[in-house]
Amino acid sequence: MTLFASSKSSINLPLDSFEGYQISIKREDLLHPIVSGNKFRKLKYNFLKFSKQKQIVVLTFGGAFSNHLAATAFAGKESKVQTIGIVRGEEWKTKISQSSTLDFCQAQGMQLYFVSREAYRQKEASPLVQALIKKEHNLKILPEGGTNALAVKGCMEILTPEDQVFDTICCCVGTGGTLAGLIESAAPIQKLVGFSALNNPNLALEVKKYTSKTNWHIQDHYTFGGYAKYTRELIQFINAFYQQYQIPLDPIYTGKMLFGIFELIKTNQWVWGKKILVIHSGGLQGIHPMNLQLQKKGLPQLLYSSD
Ligand SMILES: *Cc1c(COP(=O)(O)O)cnc(C)c1O
């Protein structure tokens, strides 16, 4: 399997130095155009395991624009493992073509099931998933967002020994798996700051499932109202950032984190170190449908285009 065969590392790009701060960005988004950033890391050891077993079927969960669903579909195809995606929202069944993510998943051979929000919330307890578990003898379930112990192990490969020159490392937090991997692999004197992309007061508890270290903090003031919520100001920041650095960000994860980092520094609220490494975790496969959404709402579109 080509994708996960070599242990890749990404480049650190010096971004800016102002007011005595040095900020570098680790371009994990460039690891792969679709299985970008942390989703590549999180799936690596899971799929290496699955591909060694016979006739495995992998089932997982995601929304119509889910980076995790797209990455799982791709990893399944690459490693010749059958995949099933449980998609949030029955209405998507008739409009797959409106989501390049779902279109892509299907093209990789992922079998999609569209369920109500209620059934989606039930996850493996839902009647559909229960029926699939009975039907498929070798069904393996990956949690929504892909976080498990093997995912954390994969995320431990994001940092390299050279990254020890930084005193502070920032990443986005959805389920906390990426942050946990970074914490586990960072030096004890380094400080990890996770920027939450959603309002979940239990995030720290999730991270603590995978680490007993304490040199980390979750910053939850930059969720912009919750998961996949955004404002005109955020979109404008992402576009200004792109114009200045030619680095695309997404409005769900990385845009919120960089907005937060810049604002905290500019308003003298940054309490961590001055040598900062920011992990660009990817998340750019959903930009096209996002632009359609922005257009409908009369908001500026994202300047980044994937081609
Ligand atoms: C999924 C995702 C995250 C969140 O990662 P967790 O390990 O769930 O915290 C961050 N950034 C991007 C771009 C993602 O797609």
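The values are calculated or read from the model by the stated rules, or taken from the named source; none is laboratory data. Note that the coordinates shown come from a computational prediction; the quantities given were computed from them, not determined experimentally. A quick note on method: Cβ atoms are made from the backbone with ideal geometry, for glycine too, and the neighbour counts reach across all protein chains shown.
Is it true that some residue in the stretch 209-232 is within 12 Å of the ligand (Cβ to nearest atom), without any contact (Cβ under 8 Å) to a residue 24 or more places away in the chain and not small (Gly, Ala, Ser)? Within the stretch 209-232, none of the residues are within 12 Å of the ligand (Cβ to nearest atom), without any contact (Cβ under 8 Å) to a residue 24 or more places away in the chain and not small (Gly, Ala, Ser). The residues listed here are Phe104, Phe50, Phe61, Phe114; of these, the one that is away from the ligand (no atom under 16 Å from the Cβ), among the aromatic types (Phe, Trp, Tyr) and touching a helix residue (DSSP H, G or I) at 6+ places or on another chain (Cβ under 6 Å) is Phe114. For Lys42, all conditions in the list (1) at pLDDT 90 or above; (2) within 17 Å of the chain's Cα centre (by Cα); (3) within 18 Å of Phe166 (Cβ to Cβ) hold save one; what is the number of the exception? For Lys42, the failing item is (3). Scanning the stretch 37-55 for residues that are closer than 23 Å to Leu128 by Cα and surrounded by 21 or more Cβ atoms within 10 Å (Cβ to Cβ) returns a single hit, Phe50. The sole residue among Lys153, Lys191, Lys134, Lys140 that is within 16 Å of the ligand (Cβ to nearest atom) and modelled with pLDDT of 95 or more is Lys153. Scanning the stretch 273-293 for residues that are under 22 Å from Lys39 (Cα atoms) and modelled with pLDDT of 95 or more yields a total of 5. Residue-level analysis places Leu258 outside the set of residues that are in contact with a helix residue (DSSP H, G or I) (Cβ under 7 Å, 6 or more places away or on another chain), closer than 18 Å to Leu15 by Cβ, part of a loop (DSSP other than H, G, I, E, B) and modelled with pLDDT of 95 or more. Meeting the requirement of 3 or more residues that are crowded, with 19+ Cβ neighbours inside 10 Å, the strands (runs of 3 or more DSSP E) wholly within the stretch 159-252 are 168-173, 191-196.
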